[in-house]
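Input: a single structure, listed below in structure tokens.
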Amino acid sequence: MAVLIAFYSLTGTTRTVVAELARHLRADIEEIRCERYGISFRGWWRAAADSWRGRLPPIAPATHAARNYDLVVLAGPIWAWHPCPPLRAYVRRERADLPETALLLTHGGSAGQQSLDALQAWVGKPPKARVTITAAEMKSGTYADTVAHFAQTLRPKPAPAPVPLAVDQCAG
Ligand SMILES: Cc1cc2nc3c(=O)[nH]c(=O)nc-3n(C[C@H](O)[C@H](O)[C@H](O)COP(=O)(O)O)c2cc1C
């Protein structure tokens, strides 16, 4: 199963989580690049305001074609109670080419489920799985267990063992 993880990260948390997930799934990684936000008071203010208003920022062209994969994991942080705008811009641009998806959001501890719902609505179809990871999980290190479990739910299920034929069926 070919897996692509498309992610945006401003301060590095989602990047750390994605590296762990990619190790489990042997996935390719597409970093969504966006110049509009930076690590400064002004940059954070702009990030929160854009997220709140639903503004779509410009993002760099993708380096991996989503349509070449069986599964695309969409990952990024929550800003101002919504998935971050660069992730939204990516979904808007790639939506027609997205195969099955899975959703992963990192956050400080609020608006996790409502943000997953919003991301799912942008994608327009139910994901194979979805998960949030909090700052507390990052701090305690338990995020690694959450990621391992998430990866497990995304792996293809092994085909059922063939049912042995009864002797009279073999004889024809
Ligand atoms: C502008 C801004 C707004 C944020 N808004 C929220 C929020 O509404 N709820 C929340 O739980 N965390 C919020 N956070 C915290 C981030 O979601 C969290 O730190 C995330 O893991 C950062 O991911 P990153 O390091 O990959 O950029 C916000 C962070 C920033 C910079």
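The values are calculated or read from the model by the stated rules, or taken from the named source; none is laboratory data. Computed from a prediction, not measured in an experiment: that's the story for all the values here. All Cβ positions, glycine included, derive from the backbone under ideal geometry; neighbour counts span all protein chains shown. We work out accessible area using only protein heavy atoms, side chains counted, and drop any ligands, DNA or RNA first. Shrake-Rupley method; radii C 1.70, N 1.55, O 1.52, S 1.80 Å.
Candidates are the residues of the range 131-159 that are under 20 Å from residue 24 (Cα atoms) and basic (Lys, Arg); the one that is surrounded by the fewest Cβ atoms within 10 Å (Cβ to Cβ) is 157. Whenever a residue of the range 94-108 is within 16 Å of the ligand (Cβ to nearest atom) and polar (S, T, N, Q), its partners that are assigned to a helix (DSSP H, G or I) and open to solvent by less than 10 Å² (accessible area, probe 1.4 Å), lying with C-beta atoms within less than 9 angstrom and at least six residues away or across chains, give the pairs 106/14; 106/17. Against the list (1) more than 16 Å from the ligand (Cβ to nearest atom); (2) free of Cβ contacts under 8 Å to residues at least 60 places away in the same chain, the condition residue 70 fails is (2).
Let's see how each residue does on (1) farther than 21 Å from residue 153 by Cα; (2) over 18 Å from the mean Cα position of the chain (by Cα):
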position: 32; (1), (2): yes, no
position: 44; (1), (2): yes, yes
position: 66; (1), (2): no, no
position: 73; (1), (2): no, no
position: 78; (1), (2): yes, no
position: 84; (1), (2): yes, no
position: 96; (1), (2): yes, no
position: 99; (1), (2): no, no
position: 103; (1), (2): no, no
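Of the residues 114, 120, the single one that is part of a helix (DSSP H, G or I), within 16 Å of the ligand (Cβ to nearest atom), under 17 Å from the mean Cα position of the chain (by Cα) and among the polar types (S, T, N, Q) is 114. The set of residues in the range 112-130 being open to solvent by less than 20 Å² (accessible area, probe 1.4 Å) and either aliphatic (A, V, I, L, M) or in contact with a Gly (Cβ under 9 Å, 6 or more places away or on another chain) (or both) consists of 116, 119, 123, 129.
When residue 40 is tested against the conditions (1) touching a residue at least 12 places away in the same chain (Cβ under 8 Å); (2) on the phi < 0 side of the Ramachandran plot, the lone failure is (1). Residues of the range 99-114 include none that is out of contact with any strand residue (DSSP E or B) (no Cβ under 7 Å at 6 or more places or on another chain), hydrophobic (A, V, I, L, M, F, W, C) and on the phi < 0 side of the Ramachandran plot.
Of all positions in the range 135-153, none carries a residue that is modelled with pLDDT under 85 and hydrophobic (A, V, I, L, M, F, W, C).
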